[in-house]
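Chemist: My questions will all concern the structure given below.
The values are calculated or read from the model by the stated rules, or taken from the named source; none is laboratory data. Since we're looking at a predicted model, the values are computed, not measured. Note that we place each Cβ from the backbone using ideal geometry, even for glycine, and neighbour counts take in every protein chain shown. These accessible areas exclude ligands, DNA and RNA; they are computed on the full protein's heavy atoms, side chains included. Shrake-Rupley method; radii C 1.70, N 1.55, O 1.52, S 1.80 Å.
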There are 2 protein chains.
Amino acid sequence: MGMKITTLSALAEPNRLHIVELLRDGPLTVGEIAERLGLAQPQVSKHLRVLSDCGFVEVHPSANRRIYKLRPQPLMEMSDWLESFRRMWEERFDRLDDYLAQLQKKDKE
Amino acid sequence: MGMKITTLSALAEPNRLHIVELLRDGPLTVGEIAERLGLAQPQVSKHLRVLSDCGFVEVHPSANRRIYKLRPQPLMEMSDWLESFRRMWEERFDRLDDYLAQLQKKDKE
DNA sequence: TCTAAATATACCGCGCTTAGAATATGCCTG
DNA sequence: CAGGCATATTCTAAGCGCGGTATATTTAGA
């Protein structure tokens, strides 16, 4: 599949990143999130909507409230994507010299 | 330290994500990146500037050209950040019931 | 059924980011 | 040192995303 832009841009917003980190310690209601972030409730609802659209959270209605809970899937996809870079930084394999030689070889044509 | 917003927003742009994935297979010059992405050279330079500012790439001048090479640091930081969520999705530990009980207990006050 | 509380949606205005085009800079070669 | 190539920077206009405010919706309780 490859890494999704929606996943990254969801986290690229400070308040949303903060929400995700809050939910790491357990589910929370909209009001609680708003309180802890010092944010107005509508903004929180909108951010949660974005997070929900790309699978970061799921909702559990309970009477008046709506309990939001983190979903592992997008985080796992990020982890898989990062895995594809691991070889690069573990083998301290510096292809720069190879590349330079290859460049200069091409230049002679 | 925590996860940096700059790192995430750098990757949240489709062309920049594409550049990072291109560089996964080895260093490239600006011109080559522009060609493979079908992008104009100035935009590529600008994207590389952003990636450079948050430590994603380093430059190696070689005569006329500038060779860009991926740096592992930001990717490692992302990996560390994700590590802090691993417990959540490995222990299939669903705190939702606990949380509900706790909520209703608070309501009685 | 009326009210209050919790949450979601709609609308508006602004600031940031991007692409595009023009221009500047740096480096090699004849 | 003049000219050409690779790259960086600047400027501008347009689009998107965010916060703020007002409003709609749902649910519990009197």
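Chemist: Where the label is 7 Å out from Cα toward Cβ, how close does A:Met1 come to the same position in every other copy, in nm, shortest first?
Modeler: Distances to the matching label points in the other copies: 2.8 nm.
Chemist: Next up: Hey, can you list the residues from the stretch A:5-24 whose accessible area shrinks by 50 Å² or more with all protein chains present, relative to the chain by itself (probe 1.4 Å, no ligands or nucleic acids)?
Modeler: Those residues are A:Ile5, A:Leu8, A:Ala12, A:Leu17, A:Arg24.
Chemist: OK, next. With a 1.4 Å probe, how much accessible area is buried between chains B and A, both sides summed, in Å² to the nearest hundred?
Modeler: 4100 Å²
Chemist: Which distances in nm, rounded to one decimal and ordered from shortest, link the label point of B:Lys46 to the equivalent label points in the other identical copies, with labels set 7 Å from Cα toward Cβ?
Modeler: 2.5
Chemist: Right, something else. Using a label position 7 Å from Cα in the Cα→Cβ direction, what is the ascending list of nm distances from B:Gln73 to the same site in the other copies?
Modeler: Distances between equivalent label points, in nm: 3.5.
Chemist: Still on this structure: Sorting A:Ile67, B:Ile5 by accessible area (1.4 Å probe), largest first, what list results?
Modeler: B:Ile5, A:Ile67
Chemist: Principal axis extents for the stretch A:1-61, Cα atoms only, whole Å, descending order, please.
Modeler: The principal-axis extents, from largest down, are 36, 23, 20 Å.
Chemist: Quick one: how many Å² of B:Tyr68 are accessible to a 1.4 Å probe, rounded to 10?
Modeler: Approximately 20 Å² of B:Tyr68 is accessible to the 1.4 Å probe.
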